[in-house]
Amino acid sequence: MTGPSYPHPNPAPGSNAIGTFQIGISPIGTIPTFDPWVTIMAQYANSPTITSWIQAFNAAMDLTQALDNFYDLMWNVMTAQGYGLDVWGRIVGVQRAIAIPGNVQFFGFQEAGSSWTGFGQGGFYSGGGLTQNYLLTDPDFRKLVLAKAAGNISDGAIPSVNQILLNLFPGRGACYVADNQDMSVTYTFQFGLTPVEVAIVLQANVLPTAAGVTVKIFAS
């Protein structure tokens, strides 16, 4: 953004040119912009061609707006967008794309289970599980980045994990974690979870969990 204009303190001597200067105001500090009038000799101060050239060049080289955009779109995690949020994700250790297990049936026989079907209704099993990648939107990914950042500095205690859950699912209802005292923890959500949200809880490595501890999810 650009600050107000002020009368130039040192107009070109011997001319009627007054001129102005501006102070650029940026979220990262006050940035004085370059003063083009110091480059104009007194005898050319009233030349519309020369002054317009220099002022146009000064406007083109002014970095105030570029610095504002860098702060808003990259540096500030609360307003970052697109690539800026992707950079924050790499810093804290999460990715925008998460894998959601696919619900696919394969060709087979009835006794093999309900995931198998007959001719013309399913393909041959390739030996690997099928998943579909889902790209989180900026608002959802921002919540994931902030939750992961909190998890990175968390002490892993129940109150800390509960706070991360509330930050991930604000206004959705009660959600909390319980230690089952058998090397497992249960995350309880008193509201429904979409497959994307289940993948976030289980795969995104956001919630701090001790090594060897099994995670269970209960959602109503």
**Request:** Collect the residues in segment 151-166 that are loosely packed, with under 15 Cβ neighbours inside 10 Å and under 17 Å from the mean Cα position of the chain (by Cα), keeping them in residue-number order.
**Result:** N152
**Item:** Filter result for the condition that a residue is over 30 Å from T79 (Cβ atoms) and at pLDDT 85 or above, over V161, V177, V145
**Value:** V177
**Asked** So how many residues does segment 74-86 have that are surrounded by 14 or more Cβ atoms within 10 Å (Cβ to Cβ) and not in a loop (DSSP other than H, G, I, E, B)?
**Response** 5
**Asked** If you scan segment 184-220, which residues turn out to be on the phi > 0 side of the Ramachandran plot and under 25 Å from the mean Cα position of the chain (by Cα)?
**Response** N205
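When you check V215 against the structure, is it touching a strand residue (DSSP E or B) at 6+ places or on another chain (Cβ under 8 Å), surrounded by fewer than 14 Cβ atoms within 10 Å (Cβ to Cβ) and assigned to a helix (DSSP H, G or I), yes or no? Steps first, answer last, please.
Values: touching a strand residue (DSSP E or B) at 6+ places or on another chain (Cβ under 8 Å): yes; surrounded by fewer than 14 Cβ atoms within 10 Å (Cβ to Cβ): yes; assigned to a helix (DSSP H, G or I): no.
Here the answer is no, as V215 does not meet what is asked.
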**Request:** Scan segment 57-85 residue by residue and report those that are out of contact with any strand residue (DSSP E or B) (no Cβ under 9 Å at 6 or more places or on another chain), closer than 30 Å to I200 by Cα and in contact (Cβ under 8 Å) with a residue 12 or more places away in the chain.
**Result:** D72, M74, W75, N76, V77, M78, A80, Q81, G82, L85
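Here are some residues: T39, T79. Which one is more than 10 Å from the chain's Cα centre (by Cα) and of a type in the set (V, I, T)? Explain how you work it out, then say what you get.
On the way: T79 fails: more than 10 Å from the chain's Cα centre (by Cα).
Unique residue meeting the criteria: T39.
The values are calculated or read from the model by the stated rules, or taken from the named source; none is laboratory data. Only a predicted model underlies this, so the values are computations on that prediction, with no experimental measurement involved. For neighbour counting, all protein chains shown are included, and Cβ atoms are generated from backbone atoms with ideal geometry for every residue, glycine included.
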